[in-house]
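Here the structure is laid out as structure tokens; the discussion comes afterwards.
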Amino acid sequence: MIVELGHFALILAFMVAVFQMIVPLVGAHRGNAAWMAVADPAATTQFLLTAFSFAALTYAFVTSDFSLNLVTANSHTDKPMLYKISGVWGNHEGSLLLWVLILTLFGACAAWFGSNLPPSLKARVLAVQSSVSVAFFAFILFTSNPFLRLEIPPFDGQDLNPLLQDPGLAFHPPFLYLGYVGLSMAFSFAVAALIEGRVDAAWGRWVRPWTLAAWVFLTIGIGLGSWWAYYELGWGGFWFWDPVENASLMPWLIAAALLHSSIVVEKRESLKSWTILLAILAFGFSLIGTFIVRSGVLTSVHAFANDPERGVFILMILCFFMGGALLLFAFRAGAMEAKGVFSMVSRESGLVVNNLLLAVSTFVVFIGTIWPLIAEMFWDRTLSVGPPFFNMAFTPFVFALAVALPIGAMMPWKRAKLGRALVALVPAFVLAVAVGLLTWAVFTGQSALSPLGVALSVWLVAGAVVDLWSRTGRGSAGGRFGRLWRLPRADWGKTVAHAGVGITMFGVVALTGYQVEDIRVAQVGQPYRVGAYEIELLSVDENARGPNYLSTMAHVAVRNAEGRQIALLHPERRFYPVAGMPTTEAGIDSGFTRDVYLALGDPQTGGGWALRTWIKPFANWIWGGTIIMALGGFLSLSDRRYRFAAGAAKAPAQPQGVPAE
Amino acid sequence: MRALLLALLLALAAPAGAVQPDEILPDPALEERARDISAGLRCVVCRNESIDESNAELARDLRLLVRERLVAGDSDEETVAYIVDRYGEYVLLRPTMSGSNVVLWLAPALMLLVGGGLSLVYIRRRAASTTPTEAALSPEEQARLKDLLHE
């Protein structure tokens, strides 16, 4: 019964969305205030109905209602409760329901907190946002309905894919969707502004928090996914340049470009049409990502035929929204005249360089991802584009960004003196070169690329610190230190996020450049050395059991150079009988400067077990930096100029010098 | 997501994992070359994995084949060519720079040039133009500006 109500609520939400797509838009066109105002309650209703529908599906999963096709295919009574709940979005249909839930939540937030928006802009934003909901509601109801019943319910379910039964992956999709869908808000604002024909500083100020929030969530989502891959897939890689990963990286890069260019719109009223274009493209890449992941078109060109209905549907959504928005852009962008004037050397120029590099690096990922498709379509060549291509083509842009970032960040608006920024950065430069040289000297005989990467990451972190310090002005160190804490949160956010980039980069460079690997047959009770550590296989328990799996668990002692035991690790090989699937669980001793990573292999015919050991230097810094980047975004988001956005709308009309509170 | 999992399922269906201890060549220099080559060859039954990372049986066969060729005295290029002859261009994770692929390899640099050119034109235009806001002030606004400046 509850399930039917959920299904019904979903259909109702679809109808409300259709209503909200049309009426406010017509109202805004005719200047009818009442028609515009219905957007608010409609957005709230749409969200509540979708939330009820989602709750109904969750209820079915929690109570293991196997009369529901989706629950049978993705759940099992023995499954721990956390994974019963995460099972709701651990599949195509449920994850789409989560997608629209977040979409309607964002729409409702715009209705709730957007009281300072001009009524016509708000009505248009909500209408455009609702048009996206309409497309996805239709997609769910017509091709991917989660509420389909089974005629003869089985006694038990087929279990969730064991790889998904993991805390890292339980929360990975919701964050990723918050990011993808958050970009729909920027899209709605961009299209509404194009219809409205006006983009000003206030518009930039409204768009930025949404983009920033979306970017923060994407950052966390991608970080969680990468962390999961690291400890779950069994060989400690963290990024594979897989089409599915690239699908999330592209919107992230574009969102990073967008949140920088919207600062220029907000502060300097320049780069307007470019920012609008980025907002459209950012959501476009989210949709492309969805298309890539759901259709399977890039996995293998032939997989497309497995699910043509869904793939074609998303392709239609993509073509409609991108085609429509870009057409509108072509007609209206000319009207967006830039106001701000700036010289060649200025922060504006720095941000243009930032946008250029981020946009081109997105393009690199994009063309590399779709090239196999293009090559097969036009030249009938079946080929692969893998990590070697991306590493070669993408890294130069990251390095260029890293070189330019601290310099650009130091420059003042409008007109800057390059010399002044460079002089202030001398300490950061010296430190970076020193650390780079030291790395190079310690690891002689290896490529110069890794020391360069190390130097650049030091440059990024030190540059961010110099930037923050320079904002405290002149005077005694004590006075400046006191002022440091009173700087706006946006300044802190900028420094923290930029330092996070450096820290992640350091982790990536250290891990790829300097990890130590050992593969061997380990005999029980025979210790051996790997790097600075001694590894000993103590015993192997072949009959361990978990709540819903069987396990072969090894007990391995890790000792340091003095022979003192520092960790007892338990790498496992699990078997999930219901899904009929084996998985590996690595044994990891995480540390600040290194991870000791163990993966258990097969028993060998001559006795002993295959055991792989990696010493991965600074592995945790990769995700630590990701968290720090997200934290920087949050700090920026909590800056008072967004909290008191009410003042922002009125600011131009107010007398000078009065705080907008 | 689903496709990824399906692929993982495929990859994990065969137990064992990546390079096995018994595959490793006694000569460390040769083994390192073998690892480098394997990292650039795709496991054809997996999703986006090199044979070096893959757990599949076929990947193991290819790893052994690479090592066989190296032991027989082939150069790195000859070994790769040997595999490509048998399995096609598809196994190369790093596409060759031949024929239509030139477009792929040149695209990033080309895009950077075009984008850089456009940015430069834009910046120069912004730098050259006069401040429209000041010129566009109405008389009342200018009077107000004067007031404010006097305060």
**Prompt:** So which strands (runs of 3 or more DSSP E) stay within region A:525-610 end to end and still have 1 or more residues that are among the polar types (S, T, N, Q) and farther than 30 Å from A:ASP156 by Cα?
**Reply:** A:533-545, A:565-569, A:587-590
**Item:** Positions within region A:380-406 being in contact (Cβ under 8 Å) with a residue 40 or more places away in the chain, within 8 Å of chain B (Cβ to nearest Cβ) and among the small types (Gly, Ala, Ser), in sequence order
**Value:** A:GLY386
**Asked** Can you find even one residue in region B:39-49 that is touching a residue at least 12 places away in the same chain (Cβ under 8 Å), away from chain A (no Cβ under 14 Å), assigned to a helix (DSSP H, G or I) and out of contact with any His (no Cβ under 6 Å at 6 or more places or on another chain)?
**Response** no
**Prompt:** Failed condition for A:LEU568, given (1) in contact with a Ser or Thr (Cβ under 6 Å, 6 or more places away or on another chain); (2) at pLDDT 85 or above, with all others met?
**Reply:** (1)
**Request:** Provide a single number: the residues in region B:92-104 that are within 7 Å of chain A (Cβ to nearest Cβ) and either among the hydrophobic types (A, V, I, L, M, F, W, C) or closer than 14 Å to B:GLY40 by Cβ (or both).
**Result:** 5
**Item:** Filter result for B:LEU110 (surrounded by fewer than 15 Cβ atoms within 10 Å (Cβ to Cβ) and of a type outside the set (S, T, N, Q))
**Value:** yes
**Residues of region A:511-525 satisfying the condition of being within 14 Å of another protein chain (Cβ to nearest Cβ) and of a type outside the set (Ser, Thr, Tyr)** = A:GLN515, A:VAL516, A:GLU517, A:ASP518, A:ILE519, A:ARG520, A:VAL521, A:ALA522, A:GLN523
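Among the candidates A:ASP595, A:ASP602, which residue alone is among the acidic types (Asp, Glu) and within 11 Å of another protein chain (Cβ to nearest Cβ)?
Step by step, each of A:ASP595, A:ASP602 is checked, and only A:ASP602 is among the acidic types (Asp, Glu) and within 11 Å of another protein chain (Cβ to nearest Cβ).
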**Request:** Kindly check whether there is at least one residue in region B:57-69 that is in a loop (DSSP other than H, G, I, E, B), farther than 30 Å from A:PHE342 by Cα and either out of contact with any Cys (no Cβ under 8 Å at 6 or more places or on another chain) or more than 8 Å from chain A (Cβ to nearest Cβ) (or both).
**Result:** no
**Message:** So for region A:415-424 (the condition being within 13 Å of chain B (Cβ to nearest Cβ) and either surrounded by fewer than 17 Cβ atoms within 10 Å (Cβ to Cβ) or of a type outside the set (Val, Ile, Thr) (or both)), does at least one residue qualify?
**Reply:** yes
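This table checks each residue for (1) more than 9 Å from every other protein chain (Cβ to nearest Cβ); (2) modelled with pLDDT of 80 or more; (3) closer than 22 Å to A:GLU245 by Cα; (4) in a loop (DSSP other than H, G, I, E, B).
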| residue | (1), (2), (3), (4) |
| --- | --- |
| B:LEU5 | no, no, yes, no |
| B:LEU8 | no, no, yes, no |
| B:PRO15 | no, no, no, yes |
| B:GLU32 | yes, yes, no, no |
| B:ASP36 | yes, yes, no, no |
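The values are calculated or read from the model by the stated rules, or taken from the named source; none is laboratory data. All of these numbers come straight from a predicted model, not from anything done at the bench. Cβ coordinates were reconstructed from backbone atoms using ideal geometry, including for glycine residues, and neighbour counts include every protein chain displayed.
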